[in-house]
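One structure is given below, encoded as structure tokens.
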Amino acid sequence: MASEQEIREENRRLRWVRTIVDLTMAVLQQESMSLTEALALTRAVKQSVLRLFPDKEATYDLIYKPRFERVIRERLGQN
């Protein structure tokens, strides 16, 4: 069973992931950028998230990747 400290630490990391993802979504939706720039930004976010949760790449690909792809497709007409 996880200790209270471990739970607090995981919650802190989850809040940070939500912040990173929310800010990235806002940038993708509001800023003018090329497809190359948008993809580079999403790759950087993925790297940041995986540093916090190294064993959760499949979860990232299931939850966040489609959200980023949708915004990029809507804004730039591509995937």
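The values are calculated or read from the model by the stated rules, or taken from the named source; none is laboratory data. Just so we're clear, the structure is a prediction, and the values are computed from it rather than from any experiment. Because the Cβ atoms are built from the backbone with ideal geometry, glycine has one as well, and the counts that use them run over all protein chains shown. SASA here: full protein model, heavy atoms, side chains in, ligands and nucleic acids out. Shrake-Rupley method; radii C 1.70, N 1.55, O 1.52, S 1.80 Å.
Cα axis of helix 57-76 to longest principal axis of the chain: angle in degrees, 0 to 90, nearest 10? Computed tilt is about 20 degrees. Taking the Cα centre of the stretch 1-44 as reference, the dipole from Cβ charges on Lys and Arg (+1) and Asp and Glu (-1) amounts to some 20 debye.
Compared with the dominant principal axis of the Cα atoms in the chain, helix 4-30 is inclined by about 10°. In the chain, one over the average inverse separation of all distinct C-alpha pairs is 13.4 Å, which is the Kirkwood hydrodynamic radius.
When the solvent-accessible area of the stretch 1-76 is split by element, carbon and sulfur atoms take up 53 percent of it, the probe being 1.4 Å. Computed about the Cα centre, the dipole magnitude for the chain is approximately 120 debye when only Lys and Arg (+1) and Asp and Glu (-1) carry charge, each at its Cβ. Taking 0.36 nm per residue of separation and subtracting the Cα-Cα distance, full extension of the segment from Glu31 to Ala2 would add 6.3 nm.
A simple spin-label model places the labels of Phe53 and Trp16 1.3 nm from each other, with each point 7 Å out along Cα-to-Cβ.
At 222 nm, what value in deg cm²/dmol follows for the chain if DSSP H runs of at least 4 each add -39500 (n - 2.57) and the sum is divided by all its residues, to the nearest 500? If you can, show how the numbers build up before the last one.
Numbers: 3 runs with 65 residues, N = 79.
Estimated from H runs of four or more residues: -28500 deg cm²/dmol.
Per residue, the accessible area of the chain comes to 72 Å², computed with a 1.4 Å probe over protein heavy atoms only.
Only Cα pairs under 8 Å and 6+ residues apart enter the sum, and on that basis the relative contact order of the chain stands at 34 percent. Which one, Ala38, Gly77, Val21, projects farthest toward the positive side of the charge dipole computed for the chain from Cβ point charges (K/R +1, D/E -1)? With unit charges placed on the Cβ atoms, the residue in question is Gly77.
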